[in-house]
Amino acid sequence: MPPASPSRRQSVPPESGWSPHGSGSADTTVTNAGPHHIAALVYDGVTLLDLAGPAEVFKEANRFGADYRIALLSPTGADVVSNLGVRIAVDGAVSPEAASDTLLVAGSDLYPRAPVPGYLADAARTPAAVAGRIASICTGAFVLAAAGLLDGKRATTHWQVTHELAARCPTCRVEPDAIYVRDGSTYTSAGVTAGIDLALALVEEDHGADLARHVARALVVYMQRAGGQSQFSAPLQGPPPRSPALRKITDRVTADPRADHSLGELAKHLNVSTRHLTRLFQDELSTTPARYVENIRFDMARALLDQGHTATQAATLAGFPSYESMRRVFARNLKISPAAYQRRFSTTRLVSA
């Protein structure tokens, strides 16, 4: 049975150029940029944040002179209801005649648990055939996979369901720890807020790093994390220690990363053997004392670089024995150097020594 005539939202192109009433800044603008049409595929149960997060990035970019125009499309043209019960009015149905520069597919909690319906896979396949690039947010990768759009490609999704994606798309190389992955003109992102990182990366690709950095700053988020960066902040990967003794040590390290936190010194502070302390860390945090200290120092160094300190200053203030030791930690965790991290993320001028 054909759907009842859907109610349509009034399609108004997002404002272009800087507005004094917005959160943007007038010091970086794009000139002579043509419109960039984004077709966002939505469906019942779609995760609202997967749609709203990237949309805010594109809207903010328009304040600096970009001209992103988002059309919300559903498989039939009928309005849809999000995972939060919010009704989303759409612009119409997917169509092979409506070419877009970018196809954006948001995720849902539904389809890692159940097969993607054929009509939804078809709805993704249709606009993908005429889109300049394809992007999915979080579990939207399952829709792309069902449509055959990830065959033979690298991809990622929310870390909790990467194994399921790999099982459903055996020819796809799933990267479980990446924030977002680009394979040719196909982009996939990790869970929920990683969609913001991906949207910032797309803005940078379209309009350059300076504009993307200003958008990130206006939205009070970091300049987008590198795609290969881990989905996790290392000290937050597990729950806090249950053991009061171990919590005492982790609090001590966090409070002053620069102090002497050698294994012997930490064990002495608790009046336990080094072997016992190592076992406590392994049992509760699945790491060693040395690696835990390193992770805390790594987080502090990132914060210092964000604030504008030089890499050498950050290494010293965070407690690393040398710049080289900090560089190795950045390479292992982020696949980039401290200097590259600062160029990509920092919105603050270097502070004086």
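Each value in this text was obtained by applying a stated rule to the coordinates, not by laboratory testing. Note that the coordinates shown come from a computational prediction; the quantities given were computed from them, not determined experimentally. In this analysis, Cβ positions are derived from the backbone assuming ideal geometry, glycine residues included, and neighbour counts consider all displayed protein chains.
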Next on the checklist: At a 10 Å Cβ-Cβ cut-off, how would you order MET300, MET326, fewest neighbours first?
Outcome noted: MET300, MET326
Checklist entry - On full extension of the chain, what length is gained from ARG279 through TRP159, given 0.36 nm per residue of separation minus the C-alpha to C-alpha distance? => result 40.5 nm
Checklist entry - Gain in length, THR171 to ASP44, computed as 0.36 nm per residue apart minus the alpha-carbon separation, to one decimal in nm? => result 42.9 nm
Checklist outcome for this item: For ALA255, placing the label point 7 angstrom along Cα-to-beta-carbon and taking segment 301-333, residues whose amide nitrogen sits under 11 Å are none
Checklist entry - Counting pairs of alpha carbon atoms under 8 Å apart in space and at least six apart in sequence, what relative contact order in percent does segment 113-185 give? => result 28
Checklist entry - Using alpha-carbon pairs under 8 Å, 6+ residues apart, how would you state the relative contact order of segment 235-345 in percent? => result 23
Next on the checklist: Using a Förster radius of 45 Å, what is the FRET efficiency between ASP151 and LEU263 based on their Cβ-Cβ separation? Nearest 0.05, please.
Outcome noted: 0.40
Checklist outcome for this item: Heads up, segment 265-313 by the C-alpha gyration tensor (a ≥ b ≥ c square roots of eigenvalues; a/c under 1.5 rounded, else a/b over b/c prolate, else oblate) looks prolate
Checklist outcome for this item: Ranked output for segments 124-132, 98-106, 164-172 by mean other Cβ atoms within 10 Å, highest leading, reads 98-106, 124-132, 164-172
Next on the checklist: How much length would be gained if the chain were fully extended between GLU324 and ALA303, taking 0.36 nm per residue of separation minus their Cα-Cα distance, in nm to one decimal?
Outcome noted: 5.8 nm
Checklist outcome for this item: The local net charge around ALA135, scoring Lys/Arg +1 and Asp/Glu -1 for residues other than ALA135 whose Cβ lies under 13 Å from its Cβ, equals -3
Next on the checklist: Applying a 10 Å radius around every beta-carbon, put 155-163, 259-267 in order of their mean neighbour count, most first.
Outcome noted: 155-163, 259-267
